[in-house]
Amino acid sequence: MKLTVIGCGHLGATHAACMAELGHEVLGMDSDMDKVAILNSGKAPFHERGLDDMLAKYTATGQLAFTASYAEAAAFADLHFIGVGTPQQPGTSDYDLSQLFGAVRRLAPRLTNPAVVAVKSTVPVGTAPRVRDMLHEYAPAGDAVEVVWNPEFLRESHAIEDTLRPDRLVLGVDAHHSRAEAVLRQCFGRITASGTPMFVTDWATAELVKASANAFLATKISFINAIAEFCEAAGADVGRLADILGQDARIGRHGLRPGLGFGGGCLPKDLRGFVARAEELGVGRSLAILREVDAINDRRRERTVELARRQLDGDLGGKRITVWGAAFKPGTDDIRDSPALAVAQKLHELGAEVTVSDPKALDNARKTCPELDFVADPVIAVQDADLLLHLTEWPQFSLVHPRRLAVGVSAPKVIDGRGTLDPVAWREAGWNFRALGCP
Ligand code: UDX
């Protein structure tokens, strides 16, 4: 099939490459010309495992190309995926839908043939009919343009695997149309043939299922982090507790990693957008629990700063602190709402000299936080530090033997904010070791 993907960020660029992998002819469209040039050279403008290889392969064969022109995109195919960003509106909990509506407004006047527009962006429930109305009003093809809601559940750093082998596919369709479902079934045929279930629902359910999934994942993380607070007060070990809890198949171990909490471009803003929309619809009370989920998550950052202050005898002024981690999680260079960087910035505000090390996210972090120091080598970054904070659990950090670090550090202190350093090895190497959620 021929198809386009409008919006080539993390979601869109991965989707475009994976659609080529499924055998389709794909044109990715993004209004950022620099991004288009990088993608056309067969590279991703961000770090995602395996994506460079896939982009290089399919841009070389011509099966995948990128453009900044809506006219080219509209002329290329009659199936258009939209994966533009829907960030949080600054100063509110609401979604900023301007990129989505902007894309629809620019595409619509160029749709002269019957077409299917499949939206993947995460939105507040009730957005699909607004997109349909705009398409029908502005497209010359009128109501022959159909809308499908096709939410995306991909995790950064597992984006290719999650796109090609998802747990489930969801199609939200308009009860009055059936062509769109058939087109999407054909498009995803190779995925469903290998056993992935496809759920066809109404629009509202498809919109809500994505937001509910993220709200549940966030709740699970904050639940274990609330227990971590309890463990610290009671002298228990939350890591061991989570291992044992996770053995219960009804609970499961996934998403139960205690620590500094969640960040990134999705969970925090989707949680807030979900609650804001529930309030608009008069059911905010039922979702009040999610406000606490957000508050628990914020408290992890405060708790880490407080623990650092205490480890440095109550005064951060002029103290040298090294932070291992800038990305919001390992495997990505994405620093959006990164818990590690939020803590680093706060420590700097409180007077500490902060040096940050990260295997992939330093360039992005440097642009956003020019007030911090950055050192690529985690061993060099720790030299002469009064305190080391481990805040993003890159495997590289766990592999550094603490004996290599003790040299040059006068009275070494470390706080493990992610529970993946080995306390025994660090203590044996002479470090004063603290971990979130442990006595
Ligand atoms: C998430 C959802 O998983 C995905 O389905 C959705 O489409 C987009 O949002 P992503 O943001 O890539 O994906 O990250 P994810 O791997 O879910 O982690 C989110 C955050 O939670 C990270 O900051 C991670 O460090 C944190 N986390 C995750 C924990 O603190 N504990 C856990 O057990 C799991």
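A few notes on this one:
- Rolling a 1.4 angstrom probe over segment 69-205 with all protein chains present gives an accessible area of which 49% lies on carbon and sulfur atoms.
- Cα-based Rg / Dmax (Å) for segment 31-71: 10.1, 32
- Two-site label geometry, Arg253 and Lys2: point separation in nm, points 7 Å out along Cα→Cβ: 4.9
- Separation in nanometres of the label points that stand 7 Å from Cα toward Cβ, at Thr368 and Met33: 2.8
- In a reduced charge model with +1 at each Lys and Arg Cβ and -1 at each Asp and Glu Cβ, segment 86-228 shows a dipole moment near 280 debye about its Cα centre.
- Rounded to 5, percent antiparallel among DSSP beta bridges of segment 1-126: 5
- Burial order of peptide ranges 119-127, 201-209 (average beta-carbon count within 10 Å, highest first): 119-127, 201-209
- Spacing of the modelled spin labels on Leu22 and Asp202, each 7 Å from Cα toward Cβ, amounts to 2.6 nm.
- Solvent exposure of the chain as accessible area per residue, Å², 1.4 Å probe: 43
- Percent of beta bridges antiparallel (DSSP, the chain, rounded to nearest 5): 5
- Listed residues Phe216, Pro339, Leu22: farthest to the positive end of the dipole of the chain (Cβ charges): Phe216
- Gyration tensor verdict on segment 2-201 (Cα atoms; rounded if a/c is under 1.5, prolate if a/b is larger than b/c, oblate otherwise): rounded
- Accessible surface of segment 347-439 [probe 1.4 Å, protein heavy atoms]: carbon and sulfur percent: 52
- Anisotropy class assigned to segment 210-294 is prolate, per the alpha carbon gyration tensor with a/c at or over the 1.5 cut-off and a/b larger than b/c.
- Using the rule -39500 (n - 2.57) for each DSSP H run of four or more residues, divided by the residues of the chain, the 222 nm mean residue ellipticity is -13500 deg cm²/dmol.
- Measuring nothing but how far apart in sequence close Cα pairs (under 8 Å, 6+ apart) lie, relative to its length, segment 2-201 scores a relative contact order of 19 percent.
- Part-to-part distance (alpha-carbon centres) for segment 216-291 and segment 142-176, which is given in Å: 25
- Average Cα contact separation per residue, the chain, under 8 Å, 6 or more apart, as relative contact order %: 12
- Built from the Cα atoms of the chain, the convex hull projects on average onto 21.8 nm², one quarter of its surface area.
- Residue-wise HN-Hα couplings along segment 86-95, as the Karplus relation 6.51 cos²θ - 1.76 cosθ + 1.60 with θ = phi - 60° gives them from phi, are 10, x, 7, 6, x, x, 9, 9, 7, 6 Hz; Gly and Pro carry x.
- Sites Ala425 and Arg130 - FRET efficiency at Förster radius 56 Å, r taken between beta-carbons, to 0.05: 0.50
- Gain on full stretching of the segment that runs from Ser98 to Gln186 - 0.36 nm per residue minus C-alpha separation: 28.6 nm
- In terms of accessible area, using a 1.4 Å probe and ignoring ligands and nucleic acids, Met29, Met198, Met1 rank largest first as Met1, Met198, Met29.
- Near Lys413, the amide H atoms lying under 5 Å from its own belong to Leu388, Asn432; only residues 5 or more places off or on other chains count, and H is placed 1.01 Å from N.
- Among the lysines of the chain, pairs that are 8 or more positions apart or on different chains and have alpha carbons within less than 14 Å of each other number 7.
- Each 5 Å bin, from zero up to the one with the longest distance, holds this percent of the alpha carbon pairs of segment 300-435: 2, 12, 24, 26, 22, 12, 3, 0.
The values are calculated or read from the model by the stated rules, or taken from the named source; none is laboratory data. Keep in mind the model is a prediction, meaning the values are calculated, not measured. Neighbour counts are summed over all protein chains in view; Cβ atoms, including those assigned to glycine, are modelled from backbone coordinates with ideal geometry. Heavy atoms of the whole protein, side chains included, go into the accessibility calculation; ligands, DNA and RNA do not. Shrake-Rupley method; radii C 1.70, N 1.55, O 1.52, S 1.80 Å.
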